[in-house]
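First comes the structure, then the notes that go with it.
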Amino acid sequence: MGEAGHDGGDRLNRRLPAVAMVLLVFIVASVGFAEAASGVVFSASSWDFGILDQDASAETVVSIDNRTANPVTVSLIPTCNCLSVEPSHLQIPSGSAGSFRLRFDSDGEEGKISHILLVRTDSPSLERASFVVGGTVRKSRVTFSSSAAEGNDSSSSKGRIILTYYYSPGCPSCERFLADEVPRLARDLGVEIEVRRRDVFAPGVFEEYEQIARSFGIKELRAFPALQVGDTALLQGEGEIGSNLEATMRGALLPAAAQEPTAVLTVLPVLAGGLLDGINPCAFTTLIFLLSALALAGRGRREVLAIGSLFSLAVFVTYFAVGLGLFTALRAASSFSVVSRVIRWVLVGVLVVFAALSIRDAVLAHRGRATEMALQLPKFLKRRIHESIRGRVRSTALALSSLTLGVLVSVFEFACTGQVYLPTLAYLSRIGQTRAVFLLAVYNLGFIAPLLAVFAASYAGVTSKRITILFQRHLVAVKVTFALFFLALAALTLAT
């Protein structure tokens, strides 16, 4: 009996430390719970934003409960420029809650990251603490080079293709495709491929993707991921990407072998069209009338130069804006194959007709019957333009009057100058969008070049009468050049 009692006492002694530990944990937990129940409580002690691309951002909301008996002021202080907090501080009444919106911008970050927000309050229960922000930032732009894959000199590359990858997170097969196929294509095609990653759940990216799809004439968004191959195509879904990517990239590389000659052949007719449009009798006679009106209004040379510069700027901006709108409409229509073919043949037919009318106008001008030319402004528009010029050349608001006049004259003259502009826009709608917008700017620079030259000549002392005589002397040559331009543009349209 004594031994049994002794054994029981030993067992009790051995269990006492374990029992004490359990009691201690219970007491600590109870104290912690009591403090939490009566203190400042955050909805989370950290934020893991997961995986982000370098040019993406992430946001979250953190709530704070004030379970104390007094109002509490809480501040979150970022420790790097990549973190932002709205608002910077909150005053939370007793028994109420508030929230902070946290934002992390991944630009400049890479790999696994961890940053801290310093927490400061005026409550004794939580005077200071740390809030951890972490996750992984991966490169949004990855370049695969054929020379790097083979260890050759970089000069062996035949070109460069940009793939814009629109994706939704959580597609491992898409990631494997990019990791395996893109380096192989870079090696096989002998090109440098840059992959730009765009998460469609990031702010503004899905809207960007919709706009890109519309520019390719795609009205129905079928599947993700999607790959934009330069300015050539937009492939949607794993199946379409896997089946068509290589062929699409090969097609995008076709002009690369003759890149410089092609660029020259594209720029030259567009620049020539702009210059020709600038000396179009419609525009040129209006310009001469403007110079005459300025002279009658007693404007000095410096004033004429200032008016001419602002007038030319307004003409450039107006024509460029009008051209951009028409180009967008033509490009959208051309995305349908049937409509594209119709536009192509209508354009060729119109150009041939314009060429024939230009030859007829040249013959009439040679016979001294320039007023009977077909390709000129209607009389009622000429009157409207002249009225606008007379009403504004005497205005004391020089800058505003010149800009307004440039806009009005551009709009009125479009009925005539459009004979060159519209065919050029239709031609541009058949090439890549980025290059077409650049060429549109080139065209309009060519268009205002004669304006600037005439205003500069006027500043140098050349009278409007002398400019008129010079223009009339070369009117036949101008009309013949128009005919040749229309025929050349028709040939280029057929060849494109």
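Derivation of every value follows stated rules applied to the coordinates shown; laboratory data play no part. Because the structure is predicted, anything quoted here is derived from the model rather than measured. Backbone-built Cβ (ideal geometry, glycine too); neighbour counts: all protein chains shown.
Worth pointing out:
- A simple spin-label model places pseudo-atoms 7 Å from Cα toward Cβ; at residue 116 and residue 138 they are separated by 3.0 nm.
- Remark: relative contact order (the stretch 279-495) = 44 percent; criterion is Cα-Cα distance under 8 angstrom and separation of 6 or more residues.
- Order of 420, 409, 229 under a 10 Å beta carbon neighbour criterion, fewest first: 229, 409, 420
- Diffusion constant of the stretch 279-372 at 10 °C, which comes from Stokes-Einstein with the Kirkwood Cα-pair radius and 1.306 mPa s, µm²/s: 93
- Annotation: amide H-H contacts under 5 Å for residue 137 (H modelled 1.01 Å from N, sequence separation of 5 or more, or interchain): 52, 111, 112, 113.
- Charge dipole of the stretch 279-495 about the Cα centre (unit charges at C-beta), most positive-ward option of 463, 313, 424: 463
- Under Karplus coefficients 6.51, -1.76 and 1.60, residue-wise ³J(HN,Hα) of the stretch 416-423 in Hz, glycine/proline x: 10, 5, x, 5, 9, 5, 4, x
- Note on the stretch 341-496: Rg/Rh from C-alpha atoms, Kirkwood Rh, equals 1.00.
- From phi via Karplus (6.51, -1.76, 1.60), per-residue ³J(HN,Hα) for the stretch 184-194 in Hz, x at Gly/Pro: 5, 5, 4, 6, 5, 8, x, 10, 9, 10, 10
- Multiplying the residue separation of residue 210 and residue 491 by 0.36 nm and subtracting their alpha-carbon distance yields 97.7 nm.
- Diagonalising the gyration tensor over the Cα atoms of the stretch 40-137 and scaling each eigenvalue by 5 before taking the square root yields semi-axes of 27, 11, 11 Å, largest first.
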